[in-house]
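Engineer: One structure coming up, written as structure tokens, with questions to follow.
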Amino acid sequence: MPFRKIADLLGNSFGLECCAGALARATARLADAGRGVLDVLKLRIPHQPVVHADETGWWVGGENRYLHTLTSDEIVLFQVGDRSSDIAWDILGPDFAGRVCCDGYSGYDLFETARCNAHPLRRIRDLLKTEIADQAALEEIQQLLRGGLTLRDRREHLTQLGYRRLATIHKNRVHQWIADNSHHEDQAIGRLARHLGKYEDEFLIYLDDPQIPATNNHAERTLRFAVVLRKIGCCNRTERGVQTFEILSSLLATFQRRGKDFIGWAIDLLQGPGPKYVPPDLLPPGFDTEIVLA
């Protein structure tokens, strides 16, 4: 909710008089206090084997930008910027040795990627609603991609040798469809085939590594709240607001992901006595130095 609406709610419903400016200053103060924890999370995420990435439109003072999320099973980071690869490169860096799960956006080509199969399936579904003559070609690749997801779900019920044989057959069929349709007379089908061909291994890597998902639903679910915020006009007006949003959203989502008490941590951070230590489980592997927040 925008700060003005929050102030109205607190005043009208609970008799707690405050103004939007006071709420903005309070959240900025908490963000400043928690900045060190966010820095530690940024140190840790390049060591994750799989990182999920996605982005959505975001407004800053009327200017169109993008809100990016980079998330693993235990860390969630949000950062506002343009739609280039700079955000991911800034967070993951040149030493990142894992794999980025993402949609078809080429901005992540700097890294080893796993591409989301849900995106081409939605694209195929939309094409099937048009007047494309060669519906059979679209239905074939639709069945192939769905068949890969079914094979993934059957993995635990098959022998290792049997699964590998079926996975190889599936990959060969997808490869053959791409080869047969890359220069299709219908431009939409040709573009689809060339896109699948460009990232063929990345679309199918989930069949080889059970740690890698077939879709990017993990990151899309993480960003869902931001889409709702944007629709009700609750983005950022200033660069200071952007920094506050990045820090608090990242910390809140990470605490929720780990089942930790964010409110209790925030109260202790602002009011508790003694130095503020970064929890050891947030530190990167092999990091022996104890960090104290300023």
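Every number in this text was worked out from the coordinates using simple rules, so none of it is lab data. Predicted model, so just to flag it, every value in this text is computed and none were measured. Using ideal geometry, Cβ is built from the backbone for each residue, glycine included, and neighbour counts are taken over all protein chains shown.
Engineer: Once both labels are modelled 7 Å past Cα along the beta-carbon direction, what's the residue 18-residue 221 spacing in nm?
Structural biologist: Result for the modelled spin labels: 3.1 nm.
Engineer: Right, another one. Please state the relative contact order of the chain as a whole percent: Cα pairs under 8 Å, 6+ residues apart?
Structural biologist: 27
Engineer: Here's something else I'd like to know. How long, wide and thick is the stretch 5-48, going by the Cα atoms along their three principal axes, in whole angstroms, largest first?
Structural biologist: Largest to smallest, the principal-axis extents are 47, 18, 12 Å.
Engineer: Using the Cα centre of the stretch 1-102 as the reference point, and only Cβ charges (+1 on K/R, -1 on D/E), how large is the resulting charge dipole? Debye, rounded to the nearest 20.
Structural biologist: 240
Engineer: Also, I was wondering about something else. Return a whole-number percent for the relative contact order of the stretch 24-111, with Cα pairs under 8 Å and 6 or more residues apart as the contact set.
Structural biologist: 28
Engineer: Here is a follow-up. Restricting to lysines 8 or more places apart or on different chains, can you count the pairs in the chain with Cα atoms under 26 Å from each other?
Structural biologist: So the count of such lysine pairs works out to 6.
Engineer: Round to a whole angstrom and tell me the spacing of the C-alpha centers of the stretch 102-180 and the stretch 212-257.
Structural biologist: 29
Engineer: What is the distance, in nm, between label points placed 7 Å from the Cα along the Cα-to-Cβ direction at residue 234 and at residue 135?
Structural biologist: Taking the simple label geometry, residue 234 and residue 135 are separated by 4.4 nm.
Engineer: Which net charge results when you count Lys and Arg as +1 and Asp and Glu as -1 among the other residues whose beta-carbon is under 13 Å from that of residue 176?
Structural biologist: -1
Engineer: Then there is this: Per 10 Å bin, what is the whole-percent P(r) computed from every C-alpha pair distance within the chain?
Structural biologist: 6, 23, 27, 22, 13, 7, 2, 0
Engineer: For the stretch 128-277, what is the Kirkwood hydrodynamic radius in Å, using each pair of distinct C-alpha atoms?
Structural biologist: 19.9
Engineer: So what's the net charge close to residue 59: Lys and Arg +1, Asp and Glu -1, counting the other residues with Cβ under 12 Å from its Cβ?
Structural biologist: Taking every other residue near residue 59 into account, the sum is +3.
Engineer: When Lys and Arg each count +1 and Asp and Glu each count -1, what net charge do the other residues less than 10 Å away from residue 243, Cβ to Cβ, add up to?
Structural biologist: Spelling it out: positives minus negatives among the neighbours equals -1.
Engineer: Taking neighbour Cβ counts within 10 Å as the exposure measure, how do 209, 134 sort from fewest upward?
Structural biologist: The order, fewest Cβ neighbours first, is 209, 134.
Engineer: Which loop GluC sites (Glu not before Pro) in the stretch 18-118, with loop taken from DSSP, have no more than 15 other Cβ atoms within 10 angstrom of their Cβ?
Structural biologist: 74, 112
Engineer: How much of the DSSP bridge set in the chain is antiparallel, in percent, rounded to the nearest 5?
Structural biologist: Among the beta bridges of the chain, antiparallel pairing accounts for roughly 70 percent.
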